[in-house]
Amino acid sequence: MSEVDEASERTPLTGGSPRAAAHGTRGTTGSVVLAGGVMLSVLLAAKYLSSPSVMGAEARPTDPTIHAAIGPLPPLSEARTAPLRLERGAGPILVTGGAGFVGFHLSQRLASEGHQVVVLDDFNPYYSSQLKRDRATQLQGKYGSRIEIIDGDLCDGAALRSLFEKHRFSHAVNLAAQAGVRYSLQQPMAYVRANVKCFTELLEAVRLHPSTRLVYASSSSVYGSNKLSPFSERSRVDTPNSLYAATKKSNEAFALVYHQLYNISCAGLRFFTVYGPWGRPDMAYFSFAHRMVHGLPIQVYGHGKPRRDFTYIDDIVTGIVGAMALRTRRYEIFNLGNNEPVGLLDFIKTLEKELGVVAKLNYTDMAPGDVLSTHADVERARRLLGYKPTTSLNEGLRKFVAWFKSPLFKDEYATDGLWKSGKAWGRYT
Ligand SMILES: NC(=O)c1ccc[n+]([C@@H]2O[C@H](COP(=O)([O-])OP(=O)(O)OC[C@H]3O[C@@H](n4cnc5c(N)ncnc54)[C@H](O)[C@@H]3O)[C@@H](O)[C@H]2O)c1
């Protein structure tokens, strides 16, 4: 299975905030203890433990895995019961990778809610450029002047800064990336360029426009070979299994640096295996569907043992909008998953049912870079963003198949793209 998302154990993802440590804030209990001496630490610890804001089910102040930069969650009484929404006046909004799968759906949601959206995408041929162009055409056809599409490279720092000068974005959502675990074994530099260099250009642009709230895609792949399940944002993420995962982890570290040095507000979102209409052809559900309807065998990696927390695109988009709507100027990380892992063979059965075909299965070993299981703990997103995935796998795959069988679908979406050959393209060589 590709574009899995994975990870690890014990220490925080990143160190504690120096600012927070200096001021002895609650998220940095350890620093306070060291700085204040035994007596003070006892008093502070007692105060901390008795604080209503750390007594919720998830807040365990003695837990060494607590991510110091995130801090304690609000108590249950303050938890949201409905998804957080973006205020009407927000915008314009920059969506990088807006012709990609997630970016397309997000842009659609934002424009349908009346926001002005600027899409930046380089339409590269990692997978079918035609699919990306057709998504862009859909956006413009439906929302006209509410969506501006720019064919450009996120790594072009000067152009990016002019774009920020011109639009004064209220939000920038970074979905542009070189995605995919397998391809990262073949073309590592494509990942370093798109995910590290280009992301840093974006951070620089936001540094110059610190009122822009940054939301960026991380990935469940940062959990690597983490054995603690479900995966929590509090867990260490020190064992990435692929270069793709390592670049996503670096995004979180880079964002923390910019938050600490320049006070930019940012939220990193760890998506768990997103699927749906207009999806990514390099992902298992899409290539399985294509092969199944053409009577071709599909590779069942790990002999069918892998489990994935498949998350429907509309639920992911609601989570992204929630993270955009947060008003705090904190550094945040959220898991956006479905909290319901499904075994690969069950997944194939559901797809067979929706497509009305029987799959030919080729059982093979795990692919390098892949992980056995992903499972998102979404409690943090639930409490702070009102995130609650509502789409079952049956329902989500039905919607995917409806698009896949519709006249909007073109066969070349499934057959074109460098992800198949593993070859490099243009500036990524
Ligand atoms: N889809 C998933 O299951 C999943 C899971 C975890 C994380 N993610 C992350 O979410 C984000 C969106 O994923 P997606 O599935 O929509 O991927 P996608 O490949 O469909 O979208 C990424 C888009 O970014 C564009 N892009 C790449 N490099 C660029 C550059 N230098 N300048 C401008 N545009 C560029 C691509 O052309 C593409 O349209 C990515 O960061 C991905 O790593 C996705």
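Return a yes/no flag: does the range 135-143 have any residue that is charged (D, E, K, R), within 10 Å of the ligand (Cβ to nearest atom) and within 22 Å of the chain's Cα centre (by Cα). There is at least one residue in the range 135-143 that is charged (D, E, K, R), within 10 Å of the ligand (Cβ to nearest atom) and within 22 Å of the chain's Cα centre (by Cα).
Within the range 320-344, if we keep just the residues that are over 16 Å from the mean Cα position of the chain (by Cα) and among the charged types (D, E, K, R), the residue that is nearest to residue 253 (Cα to Cα) turns out to be 330.
If you check residue 158 against the conditions, is it surrounded by fewer than 15 Cβ atoms within 10 Å (Cβ to Cβ) and aliphatic (A, V, I, L, M)? It is true that residue 158 is surrounded by fewer than 15 Cβ atoms within 10 Å (Cβ to Cβ) and aliphatic (A, V, I, L, M).
Which is touching a residue at least 40 places away in the same chain (Cβ under 8 Å) and either over 29 Å from residue 89 (Cβ atoms) or basic (Lys, Arg) (or both), of 297, 341?
Result of the check over 297, 341: 297.
Since residue 100 meets every condition but one in (1) farther than 17 Å from residue 213 by Cβ; (2) modelled with pLDDT of 95 or more; (3) more than 8 Å from the ligand (Cβ to nearest atom), which condition does it not meet? Among (1) farther than 17 Å from residue 213 by Cβ; (2) modelled with pLDDT of 95 or more; (3) more than 8 Å from the ligand (Cβ to nearest atom), the lone unmet condition for residue 100 is (3).
Evaluation of residue 88 against the conditions (1) more than 13 Å from the ligand (Cβ to nearest atom); (2) within 15 Å of residue 282 (Cα to Cα); (3) not β-branched (Val, Ile, Thr) shows that the sole unmet condition is (2). One residue stands out in the range 330-367 among those that are hydroxyl-bearing (Ser, Thr, Tyr) and modelled with pLDDT of 95 or more: the one that is farthest from residue 297 (Cα to Cα), namely 350. For residue 121, the stated conditions hold: it is surrounded by 18 or more Cβ atoms within 10 Å (Cβ to Cβ), near the ligand (Cβ under 10 Å from one of its atoms) and not hydrophobic (A, V, I, L, M, F, W, C).
Being in a helix (DSSP H, G or I) and of a type in the set (D, E, K, R) is the filter here; which residues of the range 119-158 pass it? Those that are in a helix (DSSP H, G or I) and of a type in the set (D, E, K, R): 132, 133, 134, 135, 142, 146.
Listed here are the residues, each with its yes/no results for (1) within 16 Å of the ligand (Cβ to nearest atom); (2) surrounded by 21 or more Cβ atoms within 10 Å (Cβ to Cβ); (3) more than 19 Å from residue 267 (Cβ to Cβ).
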{"position": "305", "(1), (2), (3)": "no, no, yes"}
{"position": "315", "(1), (2), (3)": "yes, yes, no"}
{"position": "331", "(1), (2), (3)": "no, yes, no"}
{"position": "347", "(1), (2), (3)": "yes, yes, yes"}
{"position": "362", "(1), (2), (3)": "no, no, yes"}
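Within the range 194-206, is even one residue surrounded by fewer than 24 Cβ atoms within 10 Å (Cβ to Cβ), over 22 Å from residue 105 (Cβ atoms) and in contact with a Ser or Thr (Cβ under 6 Å, 6 or more places away or on another chain)? Yes; the residues of the range 194-206 include at least one that is surrounded by fewer than 24 Cβ atoms within 10 Å (Cβ to Cβ), over 22 Å from residue 105 (Cβ atoms) and in contact with a Ser or Thr (Cβ under 6 Å, 6 or more places away or on another chain). Here the helices (runs of 4 or more DSSP H) wholly within the range 276-360 that include at least 2 residues being of a type in the set (Val, Ile, Thr) and within 19 Å of residue 216 (Cα to Cα) are 313-325. One residue alone among 255, 217 is surrounded by 22 or more Cβ atoms within 10 Å (Cβ to Cβ), aliphatic (A, V, I, L, M), modelled with pLDDT of 95 or more and more than 22 Å from residue 373 (Cβ to Cβ), and that residue is 255.
Keeping to the range 368-408, report how many residues are part of a loop (DSSP other than H, G, I, E, B) and at negative phi.
18
The values are calculated or read from the model by the stated rules, or taken from the named source; none is laboratory data. As the structure is a computational prediction, the values presented were derived from the model and not from experiment. We place every Cβ from the backbone using ideal geometry, glycine too, and count neighbours over all the protein chains shown.
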